[in-house]
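**Q** Got a structure for you, questions after.
The values are calculated or read from the model by the stated rules, or taken from the named source; none is laboratory data. Remember, it's a predicted structure, so these values are computed and weren't measured experimentally. Surface accessibility is based on the protein's heavy atoms, side chains included, excluding ligands, DNA and RNA. Shrake-Rupley method; radii C 1.70, N 1.55, O 1.52, S 1.80 Å.
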Amino acid sequence: VTVSKDPLVSMILPNSSLSLICTATGLGLQSVLWTKESDGSRLDDNSDDGITVSEEFHNDSAITNVLRFSAVTGSQQDTYRCSATSTAGSNYHLVEISLAGLPGAPPPPTLSLLNVAVVTVSWQSSTDTGNLPIDHFQINYGPSGDGSPRHLELPANQTEHVFSLLLATSYYFTVAARNEQGRGPFSEQNSITTNSTAPGDVTLTVSNVTTNAVLLSWLPLAYNDTGGSTITGYNITYYTEGSEGMKHYRIITVDSVAGDSYWLTGLVDNKPYHM
């Protein structure tokens, strides 16, 4: 006896209708039955929760049996077995029903200071994706105790720099995942405090321009311009302008031990860059 192979997993939205068609072929067919794997119960027209079973075709060499759900609910997420029996033996096929839904909450984000007023936020996606791909993340953040968070909608990358923060201020950050069903719950918050003083401005000089690189150099800051602390590195921020005036920022961190110059490479010929 041979049983038709429907998909092994049927992904469906909550409260959607679903029909699972099982066709068995072979000589001396006797029956085709549907059962629920979790408890072994046989499914028929007397089953609860809007489940019906109907025999659509039956002769000595083929039987088609259809298991129908009027509106699939969470309790019906299970594996279902179509079993066929004939005078020559038996066979079966399994179909798992999984409901698509909102993603779960990610773990709390990891925070670090890129400079005195820029925080790097990174996070992991939830292991519960709602059985759908994650297509966006939303970051909520603000000064600790502030009930009016700012929002960032991001593609499915998992790191972001947050600019223009206040100095010497504690900020909380939380993140949520989004799939085509919508946004899931936010993670637990994590907090970080920005530094109290910033180093002074650095005068940047651009030279040795080639088709895809430039040499950037600067003078070391005097002690009274360092904010009273040792300079540990420099952040080089530059951007290009895309369509509709959208600015695409890049940040490169240069260790202070590396000196007071940096070759910026990988640029595009004849494209304006702002530094």
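**Q** Of the listed values (i) 1.64; (ii) 1.16; (iii) 1.07, grab the one calculated as Cα Rg over 2.2 N^0.38 Å from the structure here.
**A** So the structure-derived entry is (i).
**Q** Still on this structure, please answer the following. Could you pull the accessible area for Phe57 with a 1.4 Å probe, rounded to 10 Å²?
**A** The value for Phe57 is about 100 Å².
**Q** Of Ser191, Ser90, which has the most accessible area and how do the rest follow, probe 1.4 Å?
**A** The most accessible residue leads, giving Ser90, Ser191.
**Q** Connecting C-alpha atoms closer than 10 Å in a GNM of the chain, tell me which of Asn15, Asn195, Asn115 has the biggest fluctuation.
**A** Among Asn15, Asn195, Asn115, the largest mean-square fluctuation in the Gaussian network model of the chain belongs to Asn15.
**Q** Which whole-number value in Å² is the accessible area per residue of the chain, probe 1.4 Å?
**A** Roughly 55 Å² per residue, with all protein chains present.
**Q** Let me ask you something else. Can you give me the % of accessible surface on region 84-220 that is carbon or sulfur? Probe 1.4 Å, all protein chains present, nothing else counted.
**A** On the way: 3520 of 6900 Å².
Accessible surface attributable to carbon and sulfur in region 84-220 totals 51 percent.
**Q** Arrange the residues Ser86, Ser38, Ser170 by how much accessible surface each exposes, largest first, with a 1.4 angstrom probe. Before the final figure, lay out each step's value.
**A** Numbers: Ser86 10, Ser38 85, Ser170 45 Å².
Greatest to least solvent exposure: Ser38, Ser170, Ser86.
**Q** May I pose another question? Please compute the length gained on full extension between His161 and Leu219, using 0.36 nm multiplied by the number of residues separating them and subtracting their Cα-Cα distance.
**A** That pair, His161 and Leu219, stretches by 18.3 nm at full extension.
**Q** Gaussian network model of the chain, Cα springs within a sub-10 Å range: biggest mean-square fluctuation belongs to which of Val72, Val254, Val209?
**A** In the Gaussian network model the winner is Val209.
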